[in-house]
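Report on the structure given below.
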Amino acid sequence: MSISTMLTWTVVLAAFLLLIKPMGNYIAKVFTFQPTILDKPFTALENGIFRVIGVSRASNMTARQYGVALLATNLLFAVLGYAALRLQGALPFNPQHLGAVNPQLAFNTAASFATNTNWQAYSGENTMSYFSQFGVLSYLQFVTPATGGAAGIAFVRAMSGRKLGNFFVDLTLMCTRLLLPLAVIVTLILVGQGVPETLGGYLHAHTLAGQTQTIPRGPIASWESIEHLGQNGGGYTNANSANPLENPSALSNIVEILSMGLLPVGFFYAFGAMTGKRRLAWTLTSVAGGFFLIMLALTYFPEAAGNPIINSLGLATHGNMVGKELRFGMGGTSMFETSTMAFTTGSVASAHDSFLPLSSLSFFIGMFLNMVFGGKGVGLLNMLMFVIITIFLMGLMVGRTPEFLGKKIETKEVTLASIAFLLHPFLILVGTALAVYTPAGMQGVFNPGPHGLSEIIYGFASGAANNGSAFGGLGAALPFYEIAIGIVTIIGRYASIMAMLLIGQSLLAKKSLPETSGTMHTDTPLFGGILFGSIIVLNALTFFPIMALGPIAEQYLMLAHHLF
Amino acid sequence: MSLLRPVVGVTVLLWLLLGLAYPLAMVGVSQAVLPWQANGSPVYLHGRLIGSAHVGQNFKPNPLYFWGRPSATLSVSTGKPKPYNALASSPSNLGPTNAELIAHIKRRIAVLLKQTPGLRVNQIPADLVESSGSGLDPDISVQAALIQIPRVARNTHLSAQFLHRLVEASVLAPDWGMFGVARVNVLALNLRLYQALHG
């Protein structure tokens, strides 16, 4: 391992460790309405918004009201997004004179950006006007992660014995207190590294070799910052963060990595701060962190060793550079890809389709688990879902009524958690089966052999986990995938949020039990270990068979130098 | 509870703040503080725009210049290969067991061996024969620049020692000396070469 790789990893991991506590405490303060340093610039603005929309900061909703408000607002986001893309030709800030986006693509894009998936069946640089980029899609990259964060906060309030809060207040604060201030800072750092931020049209260059080159520009930096801070992952251009216009240096690469991880890890600690269970927060952080390190190693080492078939050609170096950019180094690239899959961002700094089978296994783990910190709020919800299932399993084993944070876990909670857990593999496996079974689905496969199956699984896993990255070879622009993945995306997003809100509501209504000598503790290393093991067992039972047919089969064939 | 007012209200007000004020303010500040970067880091030669410092461009198969990494970008209108097409950034997406990938790499190795006097396979670094993630990678490894010297020397009639110094002068250190890798920006190197040839 090179020194550069070790330093890159050390700096990123140390930054996360140092930031998790202050970030978590800050989030907890904002959403329990305690004073923070940003009160001065933003309180008046927020009060103005609340006055116009007629809600008060301290009001509360039931889980049903919260859920309905969330769905209604998201529906409006999607409808307005769709309309604006269809009207692109008539709207301002369009120096390249791009016409309307076609109906199917506009639907897929609106659905995918409204659900914080940011699956893209188009290339931004030749499809979207500046207005569509900053006024429509970049806007959605603020409000949709804010939606997920709000749902997470409502659940945590319920777990801490507070009332759920008001969706509109949470949505607004998520934007004004977290996303906007951070986006301003990150945008300026990225511009300093060379990411364009302009309304001027594309550049037309006459190259030294006597050719012409048109270089896209636009308000890219202000997009790039919220793309990562919100774990959105929609690229301004087709190549996303592999494009030097979006990610020009090893430093910008690190800034984007930190941007995507800051809020998800902060939310884990905020959960501890708001419930008063800080040790539990560290336990959950360690479990998610353990999976993160496993993914990082699994991404890096196979790529650094290279493809044995190419290595047999006898080149000077061995690392797999297919689909990778040189400037980040192998350490920076592997850290970016691990982060984007762990935090379910879905931006990419290299071509996932060209990764070796074992490294792609790491990407699948990120999407299947969907709680290696995950998207802010939503990842925490998924982690707590596994906590509830694990507590239930432990209760079965020792023959005790399971409890969590002093509340009994009973039939209703376990049923809802099981639905939330099973929905994810259901969407991925049934979607994949449907694609493999139909000519329309098989038509989209780009790479032959087991790798082709991996492309399909990846597509549905990405939709269900609201990740949004792809094995780029898959024909994502085919009607079958636009529609099938669009539907998976919507169900995967809202059904699990709803289930968790209902669990929160149900726990809130229960009497708090005093702790006794018989209480199972959830904030110990022992529980962390059991949780870690349960997550592995539950997911291996679900996903191992399909992985054996995809990446694992490909790994053995690659070692045998088998080509397709 | 009426939802219409808060749903529409919050959507519109947050749009004014995040969809309009934020990007326009960021453009304004960036243009004022960091105008060169904010405008895409343009590179000029004798007042003529020749490219962006961060975006790679196609020098292959021109034998006078150093070549960048293979690029898998396509033409938007024809769908045919068009290397370093910045309007359609894209990787090849070829998987590790795809026969096409191995065929491409073998062909690129053969071209290098044919055009470079004295070059052996075990001197060629992977980045020079494997296509990049964006198709616009502006850089190559130092080794990838050094092994091209014999070809460039033969075609430009500049001495190998001089070209060696040119490459050394063009090496970019890792960011802050520790992040990323040492590399050569192909446009910057070729600009130096152009100036040596044309004054």
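Readers should treat all values here as calculations from the given coordinates under stated rules, not as data from a laboratory. Predicted model only: the values in this text are computed from it and were never measured. All Cβ positions, even for glycine, are placed from backbone atoms using ideal geometry, and neighbour counts span all protein chains on display.
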Note on chain A: contact order normalised by length, alpha-carbon pairs under 8 Å, 6 or more apart, percent, works out to 18 percent
How large is ³J(HN,Hα), in whole Hz, for each residue of the stretch A:431-446 in order, when computed from phi with the Karplus curve 6.51 cos²θ - 1.76 cosθ + 1.60 and θ = phi - 60°, using x for Gly and Pro?
x, 4, 4, 4, 5, 5, 7, 10, x, 4, x, 5, 4, x, 6, 9
Do the sum for chain A: with -39,500 (n - 2.57) for every DSSP H run of n ≥ 4, divided by all residues, what is the mean residue ellipticity at 222 nm, to the nearest 500 deg cm²/dmol?
-20500 deg cm²/dmol
Okay, helix-only estimate at 222 nm for chain B: each DSSP H run of n ≥ 4 adds -39500 (n - 2.57), divide by all residues, round to 500 deg cm²/dmol; what do you get?
-12000 deg cm²/dmol
Fewest-first ordering of A:408, B:82, A:40, A:376 by Cβ atoms within 10 Å yields A:40, A:408, B:82, A:376
Full extension between residue A:517 and residue A:59 adds, at 0.36 nm per residue less the Cα distance, a length in nm of 161.1 nm
Could you pull out the trypsin sites (Lys or Arg not before Pro) across the stretch A:460-564 that fall in loop regions by DSSP (anything but H, G, I, E, B) with no more than 15 other Cβ atoms inside 10 Å?
A:510, A:511
Whole-Hz Karplus couplings 3J(HN,Hα) for the stretch A:360-365, θ = phi - 60° and coefficients 6.51, -1.76, 1.60, Gly and Pro as x, run 5, 4, 4, 5, 5, 4
What is the distance, in nm, between label points placed 7 Å from the Cα along the Cα-to-Cβ direction at residue B:31 and at residue A:44?
2.7 nm
With angles folded into 0 to 90 degrees, how steeply does helix B:99-115 sit against the dominant principal axis of chain B? Use alpha carbons for both and round to 10.
50 degrees
List residues of the stretch A:485-499, by number, whose backbone nitrogen lies under 20 Å from a label position 7 Å along Cα→C-beta of residue A:411.
A:499
Tell me whether the stretch A:387-524 comes out rounded, prolate or oblate; compute the Cα gyration tensor, take square roots of the eigenvalues as a ≥ b ≥ c, and use a/c under 1.5 as the rounded threshold.
prolate
Indicate the gyration tensor shape class of chain A (rounded, prolate or oblate), computed on the Cα atoms with a ≥ b ≥ c the square roots of the eigenvalues: a/c under 1.5 is rounded; otherwise a/b larger than b/c is prolate and the rest oblate.
oblate
First measure r as the distance between the Cβ atoms of residue A:79 and residue A:510, then evaluate 1/(1 + (r/R0)^6) with R0 = 25 Å and state the FRET efficiency to the nearest 0.05.
0.05
Residue order, fewest to most beta carbons within 10 Å, for A:167, A:142, A:107:
A:107, A:142, A:167
Pair residue B:122, residue A:91: separation of 7 Å Cα→Cβ label points (nm)
5.9 nm
Quick one: 3J(HN,Hα) in Hz for the stretch A:341-352, Karplus 6.51/-1.76/1.60 with θ = phi - 60°, rounded, Gly and Pro as x.
7, 6, 8, 6, 6, x, 6, 10, 10, 6, 8, 4
PRE zone check, label point 7 Å out along Cα-to-Cβ of residue B:176, amide N under 18 Å, scope the stretch A:329-364, hits A:329-336
Kirkwood-based Rg to Rh ratio, the stretch A:242-311, C-alpha trace
1.15
Expressed in nm to one decimal, what extension gain is obtained for the pair residue A:204 and residue A:184 from 0.36 nm per residue of sequence separation less their Cα-Cα distance?
4.3 nm
Express in nm, to one decimal, how much length is gained between residue A:33 and residue A:51 on full extension, taking 0.36 nm for each residue of separation and deducting their alpha carbon distance.
4.7 nm
Test item: B:35-45 mean partner chain Cβ contacts at 10 Å:
6
Scan around residue A:404 for amide H atoms under 5 Å from its own, H built in the peptide plane at 1.01 Å from N, and keep only partners 5 or more places away or cross-chain.
A:409
Can you sort A:523, A:353 from fewest to most other Cβ atoms within 10 Å of each residue's own Cβ?
A:523, A:353
